[in-house]
1. Translational D (Stokes-Einstein, µm²/s) of segment 325-445 at 37 °C and 0.692 mPa s when Rh comes from the Kirkwood sum over C-alpha pairs?
2. Per residue and in Å³, how big is the convex hull formed by the alpha-carbon atoms of segment 633-684?
3. Mind computing the radius of gyration and Dmax over the alpha-carbon atoms of segment 269-408? Å is fine for both.
4. Tell me what the chain gives for mean residue ellipticity at 222 nm when only DSSP H runs of n ≥ 4 count, each as -39,500 (n - 2.57), the sum divided by the residue total, rounded to 500 deg cm²/dmol.
5. With a sphere of radius 14 Å drawn around the Cβ of residue 396, what net charge do the other residues whose Cβ falls strictly inside it have (Lys, Arg +1; Asp, Glu -1)?
6. Counting Lys +1, Arg +1, Asp -1, Glu -1, what net charge surrounds residue 145 among other residues with beta carbon under 13 Å of its beta carbon?
7. Round to a whole angstrom and tell me the spacing of the C-alpha centers of segment 619-654 and segment 73-139.
8. Among the chymotrypsin sites (Phe, Trp or Tyr not before Pro) within segment 162-217, which fall in a DSSP loop and have no more than 16 other Cβ atoms within 10 Å of their own Cβ?
Amino acid sequence: MKFVKPLSSVPAIIIMCSQAVMADEKADTTLTLGEVSVTAIKQSLDIGSLPVSSTVVGEKELQKLNVVTMKGISEVAPNFYIPDYGSRMTSSIYVRGIGARIDQPVIGLNVDNVPYLNKDNYDFDLVDIERIEMLRGPQSTLFGRNTMGGLVNIYTLSPMKFQGVRATAAYGTGNTLRASLSYYHKLSQRLGMSYTLYYTHTDGYFTNRYNGEKCDKENQGSFRWKTVWRGSDRFTMENIASVQISRQGGYPYESLETGQIAYNDTCFYRRTGVTDGLTLRYRLDNMTLSSITSFQYIDDNMTLDQDFLPESYFTLTQARKEWAFTQDFVGKGNVGDYSWLGGVFGFFKHTDMNAPVTFKPTGIEKLILEHVNAHSSHLTVWDEDSFVLGSNFINPVWGVALYHQSGYRLGAWNFALGVRLDVEHTSLRYNSRCNTSFTITGIDDGQIPVDINDGGKLKKTFVEFLPKLTATYDIMSLPASNVYLSVARGYKAGGFNTQMFSDVLQQRLMGIMGIAQSYDIDRIISYKPETSWNYELGAHISDRSGRLSVQAALFYIHCRDQQLTMFPDGNTTGRIMTNAGKTRSYGAEITVKYNPSARMCVTASYGYTDARFTEFHNGINDYSGKFIPYAPHNTMFAGVSYILPVNTSWLKSLTLDVNCRGVGEIMWDEANLVKQPFYMLPGASVMMDFNKCSLTLWGENLSDTKYNTFYFVSIGNAFLQRGKPLRIGMTFRVQI
């Protein structure tokens, strides 16, 4: 079954390039940073020298592509895909065929070296991003849990590198407004601070036909305070405190049967987040010692019309308060040809969640009474118009890890061996309750009270050993060129299916009525860690002129207990994370950058993935050999950029950029019966540079391609979310 036809003809021209001449392009990509920026604590500044497939997007490219969040580099990095659907809570990520829609992420996220623990907090806007790095393949040895698909590092501008005022104002389709104001200054030669305010609003792009209102409108604001202190030539401190507030509609899910978004109950996502990260670094003659400490707090609420229909079936609320601490002590150094890195990492996370499901009249009738009355000679009626399946959870998680990596250079060869011992403990204290009643007509004392109050505690401990071995050969005849081979084990933590408690409680309720299946709480509520072995052969090649660079990689991934999000069969209310036996994924990726002249830059990237189940039987069907759902088989990003000097008294230059993203095909179910074909989204921008300010006119999805970003089936009904339509706008930037 296909929903859209693939675009038949869109020029396959090419990604982003630097706005400036070739020297500026190198400054963007080789990461020549400010003298005191605290950056790349666990890795080399020159990522191209590392045995890893990576993509680095600099500030100018991010501006041309209108990128303010990690989601914006989806497809720019090959085999890296973040679909835009649902809300900012549903930041699903897929890398090389692995990923999941809920719970544990497949990649890690660090912002200015501070790790973010919760995937639900990955999708937020940032101002003055200096660069984004996307490393593909397991980074578990150095970065631990939930980095088996890779790692994204985001670095923001330092007040020690720039002093002054920056302001941005943007307006586009959907009454979308974005504004920011930043002030960077030095209090002394060793102390700098910056303050950043940000606000964005959109009316949205999708209309709920039930009430005629836009369902994906959003307001978001944030404040960031960054302090950098260079206490001495050897000691540097960096602290970033931020507050982010998001109020969003979201969830524009369209019924496949009617072709409309039409639901009668409210859907929204609200999040307030507070983060503080402190990074200390002390440099000795042959050693650097670092400490990264963070505090994170999330207060969010997801409320859904869970049936997404104009009828009143049921609603879901997930209100959560979560706070977390992380601490990472890192040491690295070298003696001659020997280099080493080691450390201790620990974290503690505490989540308190209230997740009631409210059954309404249609839900009571269709999901409960019809089944009861079909198996009984007496008519059963409910005594109330609605009732609540209440659930509360307290979920503390802690973990500690020891890690070490040793490297040795032998001529043109560089060998590295890393190991990590990771211990994690998670527990879940739950309380499920329901207080209601129903009446069986035609019998004496027919009113049956329902008073369920179940509670208990579950706990799991996971111990993982995560080795990594790499061999790199430097091609001496070519600058910054090498070939590498790596073997690494990846790890994604296990946990608990809190959303399944509403199903368990529903079955308890129906058990009182004599029709229900029983659930093994421990089996259906918990899921195991996901582990993988990743084998990779890659190369970074640059020519002598510095005009051409090529990065390529071949990979094979064997995954055990892959975590998949599924909607259980039947008239259920929740989602379940399950372990899908064994899967395997293989593929290739390539990125080519070429500067034919100082004014022109051409870049192309492409990723191919073949990811399938090798062993997966869900108790009903055997899906061995089928493609893994939701992970795209191909990603493409291409573009060309040209700088036209003007040099008048008021206009310095024009930068023209044309780009195109491509994704697909994507299977939407385990049986591979429903899919999204390959599609492409062309974009373009024109930037006018007026010395201290600039004006950019931009467009995205200029072909107005119709495509889907999500598909699912719930209580027997199929839904999908359309991708965003054609969008145009302008952005004005000032830097003084």
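Any read-out appearing in this document is the output of simple, stated calculations on the displayed coordinates, not a laboratory observation. Just so it is clear, the model here is predicted, and its values are computed rather than measured. Positions of Cβ are backbone-derived with ideal geometry, glycine not excepted, and every protein chain shown enters the neighbour counts.
1. The calculation lands on 162 µm²/s.
2. Per residue, the Cα convex hull of segment 633-684 comes to 63 Å³.
3. Looking at segment 269-408, its Cα Rg and Dmax stand at 26.3, 86 Å.
4. For the chain, the value works out to -1500 deg cm²/dmol.
5. +4
6. Net local charge, residue 145 excluded: -1.
7. 15
8. 210
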